[in-house]
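Down below is the structure, laid out as structure tokens.
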Amino acid sequence: MAFDRLFEPLRVAALAAGRLRTAVAYPLCSTSLRAAAQASEAGYIEPVLVGPSARLAALMAQEGMRPGSMEIVDTPDDELLAARAAAALARDGAVRMLMKGSLHTDHFMSAVVARESGLRTGRRISHAFVMAVAAYPKLFILTDAAVNIAPTLQEKADIAQNAIDLARALGVERPKVAVLCATESVNPAMPATLDAAALSKMADRQQIRGGEIDGPLAFDNAISREAADQKGIVSRVAGDADILLTPDIEAGNMLYKELAWLAGAGTAGLVLGTRVPVLLTSRSDSMDARVNSCAVAVLYARALAG
């Protein structure tokens, strides 16, 4: 799709940044193995497959891949043990990124967030989707639709900061964050609107840095200047948002799936707030989405390295 070309500058920049060694945890299905191979062939990652070597070698042969074309770190045939081994590689600096294979998300993320993994920071872990849709002229970030169920105000502040840092890594000098609610008015009966107003003030006081934050904003006001003008909203963010911060996982997940399945959005996804980028791919993700995610992760990893 034409609007998916919005990802092209990121792909080009990631290629210029060079391949990064990436631990792929338990890629024991055709989709996850081929995604790692395609991202490697495209020039974004140097895959390190983590799992039972005999099964991985057999699957590579089944898929017509040359033996030895990807490094394998042998582990017992256990999802959680493979995830822990992949996280340890990242902790020890042997890889720069982590990618989920065919294992259950809970097993993968439990290894990432475990204290002994050494991958946590002082900030709340969150997830961000980078998205491209036909009706919007630029890429935008949707957060959090995958990790935090009902974030508190402080957790939303971390989610916002994570997304701002990602947007800056992708070349947005001062990202504009729209804090989404069902209305653009502060209403004490709707706690999300109070959080939105507080986040805006926290940004004014430099408790959240590097971006412009405004809220509460309804979805139409966040993405349409015309809608904002019709309601008399004076805002540097309304109609030009780079980041859409949702009130909870239900709103975020539904919005993501509506954009992906009804609007045909181009997507990339990444876990933030960890010491290395974490690619949390889904079985339903297209190959383009997986490769987009690798490109975004490479740029984010370079930014983390300073």
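Here are a few things to note about the model shown:
- Once region 283-301 is narrowed to residues that are of a type in the set (S, T, Y) and closer than 25 Å to Q161 by Cβ, the residue that is surrounded by the most Cβ atoms within 10 Å (Cβ to Cβ) is S293.
- If you filter region 239-262 down to residues that are among the aliphatic types (A, V, I, L, M) and not in a helix (DSSP H, G or I), you find that the one that is farthest from the chain's Cα centre (by Cα) is L262.
- Selection from region 98-107 of residues that are within 24 Å of M287 (Cβ to Cβ) and over 15 Å from the mean Cα position of the chain (by Cα): G101, S102, L103, H104, H107
- In region 125-147, the condition of being within 15 Å of the chain's Cα centre (by Cα) and surrounded by fewer than 20 Cβ atoms within 10 Å (Cβ to Cβ) is met by no residue.
- Output for region 170-207, where each listed residue is more than 30 Å from A17 (Cβ to Cβ), among the charged types (D, E, K, R) and surrounded by 15 or more Cβ atoms within 10 Å (Cβ to Cβ): E184, D195
- In region 201-225, the residues that are among the aliphatic types (A, V, I, L, M), out of contact with any Ser or Thr (no Cβ under 9 Å at 6 or more places or on another chain) and part of a loop (DSSP other than H, G, I, E, B): I208
- Of the candidates A86, A111, the single residue that is buried (at least 22 other Cβ atoms within 10 Å of the Cβ) and either hydroxyl-bearing (S, T, Y) or modelled with pLDDT of 95 or more (or both) is A86.
- Beta carbons closer than 7 Å, at least 6 apart along the sequence or on distinct chains, pair a first residue in region 174-198 that is in the same structural domain as G252 (by TED's automatic domain parsing) and in a helix (DSSP H, G or I) with a second that is surrounded by 17 or more Cβ atoms within 10 Å (Cβ to Cβ) and aliphatic (A, V, I, L, M) for A196/V179.
- Sub-8 Å Cβ pairs linking a first residue in region 120-148 that is closer than 16 Å to G239 by Cα and modelled with pLDDT of 95 or more to a second residue that is assigned to a loop (DSSP other than H, G, I, E, B) and hydroxyl-bearing (S, T, Y), at least 6 apart or interchain, are L142/T246, ordered by first then second residue.
- Any hit, region 280-300, residues being part of a loop (DSSP other than H, G, I, E, B), of a type in the set (S, T, Y) and in contact with a Lys or Arg (Cβ under 8 Å, 6 or more places away or on another chain): yes
- Qualifying residue in region 63-85 (condition: under 18 Å from the mean Cα position of the chain (by Cα) and either of a type in the set (F, W, Y) or closer than 29 Å to R11 by Cβ (or both)): no
- Subset of region 29-69 that is among the polar types (S, T, N, Q) and loosely packed, with under 12 Cβ neighbours inside 10 Å - its residue that is farthest from H104 (Cα to Cα): S69
- Applying a threshold of 6 Å to beta carbon distances and a minimum spacing of six or more residues, or different chains, the list of pairs starting in region 2-19 at a residue that is modelled with pLDDT under 90 and ending at one that is assigned to a helix (DSSP H, G or I) reads A17/V298; A17/R302.
For (1) over 26 Å from A88 (Cβ atoms); (2) in contact (Cβ under 8 Å) with a residue 12 or more places away in the chain; (3) crowded, with 24+ Cβ neighbours inside 10 Å; (4) touching a Ser or Thr at 6+ places or on another chain (Cβ under 9 Å), each residue gets a yes or a no:
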site	(1), (2), (3), (4)
A227	yes, yes, no, no
I243	yes, yes, yes, yes
A263	yes, yes, no, no
A303	no, yes, no, no
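The values are calculated or read from the model by the stated rules, or taken from the named source; none is laboratory data. Here the structure is a predicted model, which means the values were calculated and not measured. Note: ideal-geometry Cβ built from the backbone for every residue, glycine included; neighbour counts use all protein chains shown.
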